[in-house]
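The values are calculated or read from the model by the stated rules, or taken from the named source; none is laboratory data. Since this is a predicted model, take the numbers as computed values, not measurements. Heads up, the Cβs are rebuilt from the backbone with ideal geometry, glycines too, and the neighbour counts pull from every protein chain shown. Heads up: the accessible areas ignore ligands, DNA and RNA and are worked out on the full protein's heavy atoms, side chains in. Shrake-Rupley method; radii C 1.70, N 1.55, O 1.52, S 1.80 Å.
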Amino acid sequence: MRLKDKGIIVTGGASGIGAATVRRIVAEGGRAVIADLDREGGEALVNELGEDKARYVETDVFNTEQVDRLFDEAEAFCGVDGVFNNAGIGAITPSSECSDEDWQKVIDINLTGVFKIARKALQVMQPKGAGSIVNCASILGHIGQSQTPAYSAAKGGVLNITRTLALETALDGIRVNSISPGYIDTPILEALDEESLEGLKNLHAVKRLGKPEEIAAPVVFLLSDEASFITGTDLLVDGGFTAGKS
Ligand SMILES: NC(=O)c1ccc[n+]([C@@H]2O[C@H](COP(=O)([O-])OP(=O)(O)OC[C@H]3O[C@@H](n4cnc5c(N)ncnc54)[C@H](O)[C@@H]3O)[C@@H](O)[C@H]2O)c1
């Protein structure tokens with residue numbers, strides 16, 4: 001029971017990696033607050049896990065007022081011991097065709113949203129002198145990939161803001177880390193055709209996509225006290241994608 005009696009906010013918790021992490025948090029003895037735009041998915045997960053274990057709070061991570069309300073509701077439900085800052089969208093556009101709107105939408109959610117959630121988390125955690133934040137980056141924060149200008153920029157930003165936040169808060173008892181998944185089989189990949197998916201599998205040394213549960217497990221580790229000496233770092237969980245060519 002790594003998260004016994006801990007309260008954790010999971011942004012983007014209604015689907016994919018976030019939903020798998022919510023299930024794992026509850027399995028590890030914690031309670032989870034699902035912060036997501038997807039009411040249907042969030043409420044279905046609460047029904048599955050039980051209203052005493054999980055709560056859904058409709059939240060757009062880019063909306064400061066909604067982020068404030070999210071933390072108020074989470075504090076009342078279970079307290080905020082940890083945050084998985086995971087909400088994000090995918091985007092594939094040749095850079096020469098990426099409009100201002102395409103660029104801004106991805107940056108707003110995948111980078112500014114991560115900052116707004118982390119900023120509020122620090123305001124709640126610093127007076128308590130404890131807390132753990134895990135930001136969701138990506139292999140695309142570490143390496144380039146064509147046609148992902150805004151996504152790659154946002155994920156690279158997540159890696160470095162993680163270091164900054166960790167340095168600022170290490171003496172406050174707060175740890176801040178990021179996780180960088182390889183390609184994981186979730187709805188975010190729905191835009192890709194079968195051929196592209198096969199190609200992506202082959203880029204991983206293990207020749208397959210990851211499962212959401214394979215990200216949830218290391219996220220729970222980073223959130224837990226077992227990771228008490230880990231802060232300001234990134235954990236690549238990518239089936240060997242970034243290890244090199246095999
Ligand atoms: N699946 C992959 O291959 C992969 C790889 C690396 C990183 N990631 C990252 O993992 C995270 C989770 O993605 P996933 O693969 O589970 O995708 P997903 O589409 O299954 O889940 C993303 C969730 O975020 C929510 N969301 C989107 N915008 C939001 C907003 N403004 N406010 C609140 N919630 C919002 C969506 O409603 C959805 O429930 C993302 O940050 C993504 O960039 C995914």
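Mean residue ellipticity at 222 nm from the helices of the chain, using -39,500 (n - 2.57) per DSSP H segment of n ≥ 4 over the full residue count, to the nearest 500 deg cm²/dmol? Each step should come with its number before you reach the end.
On the way: 8 runs with 101 residues, N = 246.
Helix-only estimate at 222 nm: -13000 deg cm²/dmol.
Diagonalise the Cα gyration tensor of the range 1-98 and give the resulting equivalent ellipsoid semi-axes, square root of 5 times each eigenvalue, largest first, whole Å.
Each semi-axis is √(5λ); the values are 25, 15, 12 Å.
Kindly provide log₁₀ I(q)/I(0) values, in the same order as q = 0.12, 0.20, 0.22, 0.23 Å⁻¹, from the Debye equation applied to equal alpha-carbon scatterers of the range 51-138.
Once normalised to I(0) and log-transformed, intensities are -0.42, -0.95, -1.09, -1.16.
Report, to the nearest whole %, how much of the accessible area of the range 7-243 belongs to carbon and sulfur atoms, 1.4 Å probe, protein only.
50
How large is the charge dipole for the chain, taken about the Cα centre, if only the Cβ atoms of Lys, Arg (+1) and Asp, Glu (-1) carry charge, to the nearest 20 debye?
920
Considering only C-alpha atoms, what is the centroid distance from the range 93-152 to the range 55-87, in Å?
What the calculation gives is 17 Å, centre to centre.
Could you state the number of Å between the C-alpha centres of the range 4-38 and the range 157-235?
15
At 1.4 Å probe radius, can you tell me the per residue accessible area of the range 7-243 in Å²?
On a per-residue basis, 44 Å².
As an exercise, use a Förster radius of 41 Å and the Cβ-Cβ distance of residue 168 and residue 105 to find the FRET efficiency, rounded to the nearest 0.05. Each step should come with its number before you reach the end.
Details: r = 28 Å, r/R0 = 0.68.
For residue 168 and residue 105, the calculated efficiency is 0.90.
Report the paramagnetic label zone for residue 191: residues of the range 78-99 whose backbone N is under 15 Å from a point 7 Å from Cα along the Cα-to-Cβ axis.
Zone members listed by number: 88-99.
Given Cα positions, please report Rg to Rh for the chain, the hydrodynamic radius being the Kirkwood one.
Over the Cα atoms of the chain, Rg/Rh equals 0.95.
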